[in-house]
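Reading through the structure tokens given below for one structure.
Coordinate-derived values only; no laboratory data. Nothing here was measured: the structure is a model prediction, and the numbers come from that model. We place every Cβ from the backbone using ideal geometry, glycine too, and count neighbours over all the protein chains shown.
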Ligand code: COA
């Protein structure tokens, strides 16, 4: 346990154990990641995102029947209540997409509030199925002024998301890339947004309030927003040589290079190699190759200059770009995946709840008397 005196050394709660959890293990020594005991490499190779969402929220791998039933149910939960559509119609067309998801979640909490009829698992599934519908409904409505259909007939969440974004059935390679990316983004123990979700849940607040808090925490560029910033960085350069010079200059000016470094991992992010491999698989033309070469050069420079390694966000940005996904949707995709982990943590927090309320290290003025 950390005392008030130690708190100065642990800015941002780095290295502090803030509670027990049986959901996910970030192996610091071996730089590994496991969800409920399964390695991320095993899951990315053999599981689907629906398998992983079930594993996280229910504790074990679904049987074939459970998976089929789960997918069928998620398909039924994709469409949105008309009141939610009405409100999405009224939100500004130029809104930040994370604000749309936060507002959409909040509105759904009014229409289908947590109650006996809407259990916590039912809400977890509803949000898992409908975040992509909320975002793409809003985007298409403001683009065309017509209510779009949200019925894609796709079997999987990844397929549904990509179909809505691209407006057509996605290529299987792209669908599976997004599926793997959703697996990689689904869970990461006590990161800032998950801890926010648990803190809100610990007050005995409702499911939607906790998830709205998580979206708010994820929106920042030091957390979920890093994938969009990483793409902007890669696209800023014309050649790998230009990227090398530019990144060295940024480092000399003490600028942060988005998509690099991690609070828990010290030498590599185990998720990065998996998504980098996918980005490489998706290269189709000279332009893709140029962006990939620029990214690899940035990776080299960051290692040589700072011993910093790419985190999941860096090559995810490139993989998403190669799938045809617009950059401003990268962080919302993180929400569509992390809802699985947030829900698992919320349920776990409630199962053995204790109000989360740490203490601060006071640095203000000495005691004084009121006088104007
Ligand atoms: N670019 C440049 N320098 C970086 C860096 C980055 N991405 N990440 C860390 N550093 C530097 C810091 O400036 C600091 O240097 P200093 O000792 O000279 O001041 C040193 O490395 C230690 O960094 P610190 O900020 O204490 O590490 P942290 O554990 O607080 O930060 C992150 C972790 C993730 C917030 C940080 O690495 C970062 O901001 N990365 C970019 C954003 C990002 O990719 N976020 C997604 C995380 S999954």
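Fully extending the segment from residue 267 to residue 83 would add 61.4 nm, taking 0.36 nm per residue of separation and subtracting the current Cα-Cα distance. Exposure proxy for 276, 281: other Cβ atoms within 10 Å of each Cβ, ordered fewest to most, give 281, 276. With coordinates expressed along the principal axes, the C-alpha atoms belonging to segment 48-189 extend over 42, 41, 28 Å, beginning with the largest. Exposure proxy for 133, 202: other Cβ atoms within 10 Å of each Cβ, ordered fewest to most, give 202, 133.
Across 222, 13, 355, mean-square fluctuation computed from a Gaussian network of the chain (C-alpha pairs under 10 Å connected) peaks at 13. Look at where the Cα atoms of segment 146-211 and of segment 212-244 average out, and the two centres are 19 Å apart.
In the frame of its principal axes, segment 159-259 has Cα extents of 53, 41, 20 Å, reported largest first. The equivalent ellipsoid that matches the C-alpha gyration tensor of segment 110-188 spans semi-axes of 23, 20, 10 angstrom, in descending order. Within the listed set 125, 99, 42, the Gaussian network model of the chain (springs between alpha-carbon atoms below 10 Å) gives the highest mean-square fluctuation for 42. Applying 1/(1 + (r/R0)^6) with R0 = 51 Å to the Cβ-Cβ distance of residue 76 and residue 361 gives a FRET efficiency near 0.50. The mean sequence separation of alpha-carbon pairs under 8 Å and at least six residues apart, normalised by the residue count of segment 86-191, gives a relative contact order of 21 percent. Packing-based ranking of 334-342, 57-65, 192-200 yields 334-342, 192-200, 57-65, ordered from highest to lowest mean Cβ neighbour count within 10 Å.
Each peptide in 204-210, 177-183 gets a packing score, the mean of other Cβ atoms within 10 Å over its residues, and the list from highest to lowest is 177-183, 204-210. Protection proxy ranking, highest mean first, for peptides 290-300, 163-173: 290-300, 163-173, where packing is the per-residue count of other beta-carbon atoms within 10 Å, averaged.
Extension gain, residue 68 to residue 22: 0.36 nm times the residue separation minus the Cα-Cα distance gives 14.0 nm. Across 361, 96, 110, mean-square fluctuation computed from a Gaussian network of the chain (C-alpha pairs under 10 Å connected) peaks at 361. Using every pair of distinct Cα positions in the chain, the Kirkwood expression returns a hydrodynamic radius of 21.7 angstrom. Note that segment 268-372, at 20 °C in a medium of 1.002 mPa s, gets a Stokes-Einstein diffusion coefficient of 120 µm²/s from its Kirkwood radius over C-alpha pairs. Per residue, the average separation of C-alpha pairs within less than 8 Å and at least 6 apart gives segment 1-109 a relative contact order of 12 percent. For the pair residue 151 and residue 256, label points projected 7 Å from Cα toward Cβ lie 4.5 nm apart. A Förster radius of 41 Å combined with the Cβ-Cβ distance from residue 293 to residue 368 puts the calculated FRET efficiency at roughly 0.10. Per residue, the convex hull around the alpha carbon atoms of segment 13-75 comes to 109 Å³.
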